[in-house]
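Enquirer: Okay, handing you the structure first.
The values are calculated or read from the model by the stated rules, or taken from the named source; none is laboratory data. Since we're looking at a predicted model, the values are computed, not measured. Note that each Cβ is placed from the backbone with ideal geometry, even for glycine, and that neighbours are counted across all protein chains shown. Please note that ligands, DNA and RNA were not included when accessible areas were found on the heavy atoms of the full protein model with its side chains. Shrake-Rupley method; radii C 1.70, N 1.55, O 1.52, S 1.80 Å.
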Amino acid sequence: LRSYLRDESSRLRRLRRFYEKVQALHQDPEASVDNPLLAFSLIKRLHSDWPNIIYSDEATSNTQALHAGLREVEQELPGAEDLDGAARALMRLQDVYALSVQGLARGVFQRAGPPPLYSPGRRAALSADDCFHVGKVAYDTGDYYHSIAWLEEAVSLFRLSYGSWNLEDRSSLEDALDHLAFSYFMAGNISHALSLSMEFLHYDPSNQRVSRNVAKYKKLLETGTGAGDRWDWQGGHGPPPPLLLSPLHVLLCPFPPQPAPERLLHLSCSYETNSSPYLLLQPAKKEMVHMQPYVALYHDFITDAEAETIKGLAGPWLQRSVVASGEKQQKAEYRISKSAWLKDTADPVVRALDRRMAALTGLDLRPPYAEHLQVVNYGLGGHYEPHFDHATSMKSPLYRMKSGNRIATIMIYLSAVEAGGSTAFISANFSVPVIKNAALFWWNLRRNGNGDGDTLHAGCPVLAGDKWVANKWVHEHGQEFRRPCSADPQD
């Protein structure tokens with residue numbers, strides 16, 4: 001684009017010079033006829049110079065060069081799936097963190113009351129066209145709860161700038177009014193759908209489709225039908241948002257609960273060696289986060305350099321994360337992230353990390369008793385809805401390893417985030433924030449081999465920042481003498 005602007009600017013400068021020369025020569029038309037030299041110049045200009053200027057290929061070649069440059073990088077640019085996914089991410093953040101759409105459009109991450117949940121160093125406001133696209137993504141899926149909020153903001157912004165034209169915009173005030181009117185109709189507020197449609201006709205009076213809608217809305221209001229079986233949006237009330245997220249998940253992510261005083265009595269911080277020579281000179285910094293389920297946080301578990309090495313190794317191999325679904329693995333909207341798997345042979349850092357985790361937990365992490373290191377990147381609005389790490393069905397793909405279920409999870413935070421991204425344990429009602437270079441450990445199975453229902457957990461959406469984690473899942477085979485059964489079969 002910079003190259004195109006440079007070439008076009010040069011072309012327009014040459015065109016302006018030609019115009020100024022011609023304008024000067026045309027100041028005295030009679031002199032042009034009297035002077036044979038001027039007469040010749042005039043005839044030549046009118047016969048050949050003007051057509052050469054008008055039909056010049058220079059503008060076309062500049063445009064072709066711009067198009068060719070786009071084609072070179074087109075495969076690396078975001079696609080429609082990326083754009084719609086980013087719009088859904090904004091709606092997810094809106095829901096989970098109770099953010100105001102009007103505030104988001106102004107670049108402010110504001111909840112119902114002060115202070116803002118997150119204050120970026122550089123505020124980035126959304127345009128009317130931006131808000132329209134988010135609303136349109138919701139509209140296209142029949143999610144009128146979100147489409148109304150975002151299209152209302154688009155209409156407000158378009159009204160403020162009506163009559164001005166932005167080169168990059170693909171929508172207009174008329175588009176926003178049209179979609180917003182139908183959203184209100186579907187939500188049951190026919191009178192507002194009518195007023196918005198009337199406003200639309202003010203700008204485009206010849207639109208027959210909207211005219212028919214106006215007649216339909218008037219008839220429904222006269223007969224009093226059509227609105228009774230829908231939600232009433234009058235006075236700001238409307239249908240509840242679609243429950244894409246667990247209600248507890250939504251509560252835990254923005255508002256982590258304070259631990260009860262009696263629970264704090266059982267929590268502590270300590271230096272741990274786990275009777276391992278490997279940890280004698282540098283004990284692990286252990287913080288007990290919760291007793292049931294057992295969750296421990298090990299601070300400074302890896303160094304900055306090790307974290308960067310692991311991210312660098314995984315970067316080229318990142319693919320959209322999949323989840324177990326029956327006997328298959330597939331992509332799902334409830335897990336938005338990219339992941340890659342690293343063997344211990346990938347780099348000495350990975351091998352050293354495996355030894356450190358084995359020393360810390362006392363578990364056997366050699367294949368096939370543990371899975372390879374999974375590195376996960378949660379980008380814009382990245383999240384993982386409530387789930388168990390252990391298999392809850394014998395048909396799960398996890399059992400293909402023939403090493404039993406996942407007995408334990410070690411999750412290492414490879415990066416810090418500015419806001420959001422906590423790990424929320426739903427049933428146990430607590431969450432753990434992202435702490436760079438720390439490792440979170442918990443048991444997925446009880447000692448009797450049954451799954452621990454209290455380990456239901458979720459990855460809260462990333463509100464701001466780039467969240468990287470590394471997961472190590474340990475299986476129950478090979479751990480019989482490292483974590484033996486209890487004398488109590490219920491334990």
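Enquirer: Please give the charge dipole size of the chain, origin at the Cα centre, charges +1 on K and R Cβ atoms and -1 on D and E Cβ atoms. Round to the nearest 20 debye.
Expert: Numbers: 51 positive and 56 negative charges, 151 e Å.
The dipole of the chain has a size of about 720 debye.
Enquirer: Something else: By what distance, in whole Å, do the Cα atoms of the stretch 1-135 stretch along each of the three principal axes, largest value first?
Expert: Extents along the principal axes: 82, 35, 25 Å.
Enquirer: Set the Förster distance to 56 Å, then compute FRET efficiency between ASP204 and ALA305 from the Cβ-Cβ distance, nearest 0.05. It would help to have the intermediate numbers written out before the result.
Expert: Numbers: r = 61 Å, r/R0 = 1.09.
The pair ASP204/ALA305 has a calculated efficiency of 0.35.
Enquirer: Evaluate the Debye formula for the stretch 257-475 with equal point scatterers sitting on the alpha carbons, no solvent, and hand back log10 of I(q)/I(0) at q = 0.10 Å⁻¹, in q order, two decimals.
Expert: -0.42
Enquirer: A further question follows. Once the Cβ-Cβ distance between LEU264 and ARG159 is put in as r, and R0 is 45 Å, what FRET efficiency do you end up with, to the nearest 0.05? Could you put the intermediate results ahead of the total?
Expert: Values: r = 54 Å, r/R0 = 1.19.
Between LEU264 and ARG159 the formula returns 0.25.
Enquirer: Still on this structure, I have one more. I'd like the isolated cysteines in the chain, meaning no second cysteine's beta-carbon lies under 4.7 angstrom from theirs.
Expert: Lone cysteines by the Cβ rule: CYS131, CYS269, CYS485.
Enquirer: LYS436 versus SER41, label points 7 Å from Cα toward the beta carbon: distance in nm?
Expert: About 6.9 nm separates the two model spin labels.
Enquirer: Starting from the Kirkwood Rh over alpha-carbon pairs, what translational D in µm² s⁻¹ does the stretch 1-75 have by Stokes-Einstein at 37 °C and 0.692 mPa s?
Expert: On the way: Rh = 14.7 Å.
Answer from the Stokes-Einstein relation: 223 µm²/s.
Enquirer: Moving on. Could you work out the relative contact order of the stretch 1-143, using alpha carbon pairs under 8 angstrom and six or more residues apart, expressed as a whole percent? Can you show the working numbers first?
Expert: Values: 71 pairs, mean separation 23.6, N = 143.
16 percent.
Enquirer: Over the chain, with the other protein chains present, what is the accessible area per residue in square angstrom, probe 1.4 angstrom?
Expert: Details: 27310 Å² over 491 residues.
Spelled out: the 1.4 Å probe surface of the chain, per residue, equals 56 Å².
Enquirer: If you don't mind, another one. Compute the relative contact order of the chain as a whole-number percentage, counting only Cα pairs closer than 8 Å that sit 6 or more residues apart in sequence. Before the final figure, lay out each step's value.
Expert: Values: 786 pairs, mean separation 57.3, N = 491.
Relative CO of the chain lands at 12 percent.
Enquirer: Expressed in nm to one decimal, what extension gain is obtained for the pair LYS219 and GLN102 from 0.36 nm per residue of sequence separation less their Cα-Cα distance? Intermediate results must be reported in sequence, preceding the final value.
Expert: On the way: separation 117, 0.36 × 117 = 42.12 nm, distance 3.34 nm.
Separation in residues times 0.36 nm, less the Cα-Cα distance, equals 38.8 nm.
Enquirer: Over the residues of the stretch 347-491, compute the C-alpha Rg and express it relative to 2.2 N^0.38 Å. Before the final figure, lay out each step's value.
Expert: Details: Rg = 15.5 Å, N = 145, 2.2 N^0.38 = 14.6 Å.
My calculation over the Cα atoms of the stretch 347-491 gives 1.06.
Enquirer: Could you look at the chain and say what percent of its accessible area is carbon and sulfur, using a 1.4 Å probe and all protein chains?
Expert: 55
Enquirer: For the stretch 54-124, take the convex hull of the Cα atoms, compute a quarter of its surface area, and give me that in nm², please. Before the final figure, lay out each step's value.
Expert: Details: hull surface 32.7 nm².
Computing the convex hull of the Cα atoms and averaging its projections yields 8.2 nm².
Enquirer: For Cα extents along the principal axes in Å, one of (i) 117, 67, 44; (ii) 93, 52, 49; (iii) 73, 68, 41 was computed from the structure I shared and the rest are decoys. Which label?
Expert: Step by step, Cα extents along the principal axes in Å for this structure corresponds to label (i).
Enquirer: So, one more: Among all the aspartates and glutamates, which ones have a C-alpha under 14 Å from LYS395's C-alpha, if same-chain residues fewer than 8 places away are not counted?
Expert: LYS395 reaches GLU327.
Enquirer: Ok, one more. Relative contact order for the stretch 80-223 using alpha-carbon pairs under 8 Å, separation at least 6, rounded to a whole percent? Working shown, then result.
Expert: Details: 168 pairs, mean separation 22.2, N = 144.
RCO, the stretch 80-223: 15 percent.
Enquirer: Need one number: convex hull volume per residue for the stretch 123-230, Cα atoms only, in Å³.
Expert: Values: hull volume 11.3 nm³, N = 108.
In the stretch 123-230, the Cα hull volume divided by residue count equals 105 Å³.
Enquirer: Still on this structure: For ARG212 and ARG366 in the same chain, what is the full-extension length gain: residue separation times 0.36 nm, less their Cα-Cα distance, in nm? Each step should come with its number before you reach the end.
Expert: Numbers: separation 154, 0.36 × 154 = 55.44 nm, distance 7.00 nm.
Length gained between ARG212 and ARG366: 48.4 nm.
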